[in-house]
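Following: one structure in structure tokens, then a few remarks.
Just so you know, all these numbers are worked out from the coordinates, no wet-lab data involved. Quick caveat: nothing in here was measured; it's all calculated off a predicted structure. Cβ: placed from backbone, ideal geometry, glycine included. Neighbour counts: every protein chain shown.
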Amino acid sequence: MPEHIVLAYSGGLDTSVAVHWLKHHHDAQVTAVLVDLGQPLASLEDAKARAVANGAEDCVVVDAKQEFAERFLAPAIHANALYEDAYPLATALGRPLIAETLVQVAAEVGADAVAHGCTGKGNDQVRIEAAVLALAPHLEVLAPQRTNPMTRDAVLRYAEAHDLSLPPLKDSPYSVDENLWGRSVEGHDVEDPASAVPEDAYAWTASPQAAPDAPGTFTLTFQAGLPVALDGQTLPLHELIATLNDLAGAHGVGRIDHVENRLVGIKTRELYEAPAAACVLAAKKALEALVLTRDEAQIKAPLEQTFSNLVYDGKVFHPALTGLQAYFAQTHQVTSGSVTLQAYKGGLTVLSRSSDQSLVDAGLATYADGDAFHHEASTGFIELWTLPQVVLAKKRGAPVQTAPVPATPPVVQP
Ligand code: ARG
């Protein structure tokens, strides 16, 4: 039986009650840990007081915003990380740092177990436990919502029976996770892929209809593949992201409606709001197009997917990820310059991009005066490039015309 449990505490209903349940179910001490990754927090003081009122020895609050941005979001930006080309991985990137903080606090207070409030159906349990076990395999991991699941009503009944201190109860029926890099929404009316996402599922972004009639423009300056300034103002990464979330979110940018393949085998419709991620990745890709060679860009693309899958699957502390990070960091030594974006009623457009490292050679590219391209050289180039085709045509005759699409096999019914 564990003697001292460190609980990942959000300050919400479930973990406020979990403090009490863990303490009494396991007859153990509980230390609550609230990791600030930039999620909107109503009142830290209230959250701390509530954990202690419900039986925690202590509630440790860790401001991890800067660390989250520098150690987790920067590599994700370098990797243009998008799971299934859609989800910027906010939750997936946040869980390992929460787990790492649990491990650190466990060492400080001499705890022998950590606990989290994730259910058995999601990816988050896997991510937290994979990270805890990678960093501290001796710790026991408790997941009360998996071993002794309680519905929302049961949680409320338990709280009433034990006279627990609760946060102001929200009406929101959705399961929401938020941090600097985005807001993830699951459940309730988001679940059915056949119906449109209801407006009440959104919180960070204006609807296109409610967005301002005048477009917003933002200029992002990059150094070595990371944004360092917004509209000329140098900002630390975590502040730049927070500011951009507000600016672009007001124009409705960053809404992502995604049917997703979860690690635990479930296919599900999920909703994300990630205004800053949308802007940063769009701008960075525009800059990359200017400064990277075709080979670098093409080699990088499948590695970006591999990176995104590793993060999604909870392998953030895996050496394979470190290797990929080194590749992206080296490639992005030249990704410096500025990109101006326009946000307008949910749409995002790249207006312009410039870089001292640009590989665009105006003399080679222009169709106007000053053309420096050696046109005649193309004749010899084409002669050699097409040589195998010419040999084929001579040996085998004219090629078959485009083959028709084969008949569709019938779908097998179960
Ligand atoms: N499907 C996303 C992921 O696996 C988001 C999970 C959000 N978690 C939550 N408790 N609402 O990363």
## Note on the structure
Restricted to region 154-166 and to residues being in contact (Cβ under 8 Å) with a residue 24 or more places away in the chain and in a loop (DSSP other than H, G, I, E, B), the residue farthest from the ligand (Cβ to nearest atom) is H162
### Message
Looking at region 166-187, can you tell me whether even one residue there is in contact with a His (Cβ under 8 Å, 6 or more places away or on another chain) and more than 21 Å from G254 (Cβ to Cβ)?
### Response
yes
### Query
Looking at (1) part of a helix (DSSP H, G or I); (2) hydrophobic (A, V, I, L, M, F, W, C); (3) touching a Phe, Trp or Tyr at 6+ places or on another chain (Cβ under 9 Å), can you tell me which one L290 breaks?
(3)
### Message
Just the residues that are more than 22 Å from I256 (Cβ to Cβ) and either near the ligand (Cβ under 9 Å from one of its atoms) or crowded, with 16+ Cβ neighbours inside 10 Å (or both), please, taken from region 167-197.
### Response
P167
### Task
Look through region 93-132, keep the residues that are among the β-branched types (V, I, T), within 14 Å of the ligand (Cβ to nearest atom) and surrounded by fewer than 22 Cβ atoms within 10 Å (Cβ to Cβ), and return whichever of them is nearest to T15 (Cα to Cα).
T119
### Task
Inspect region 240-257 for any residue being loosely packed, with under 13 Cβ neighbours inside 10 Å, more than 22 Å from S308 (Cα to Cα), away from the ligand (no atom under 16 Å from the Cβ) and among the hydroxyl-bearing types (S, T, Y) and give the result as yes or no.
no
### region 258-286 - residue that is over 22 Å from P173 (Cα atoms) and of a type in the set (V, I, T) and, of those, nearest to the ligand (Cβ to nearest atom)
V264
### Task
State yes or no: is V62 within 27 Å of the chain's Cα centre (by Cα) and touching a residue at least 24 places away in the same chain (Cβ under 8 Å)?
yes
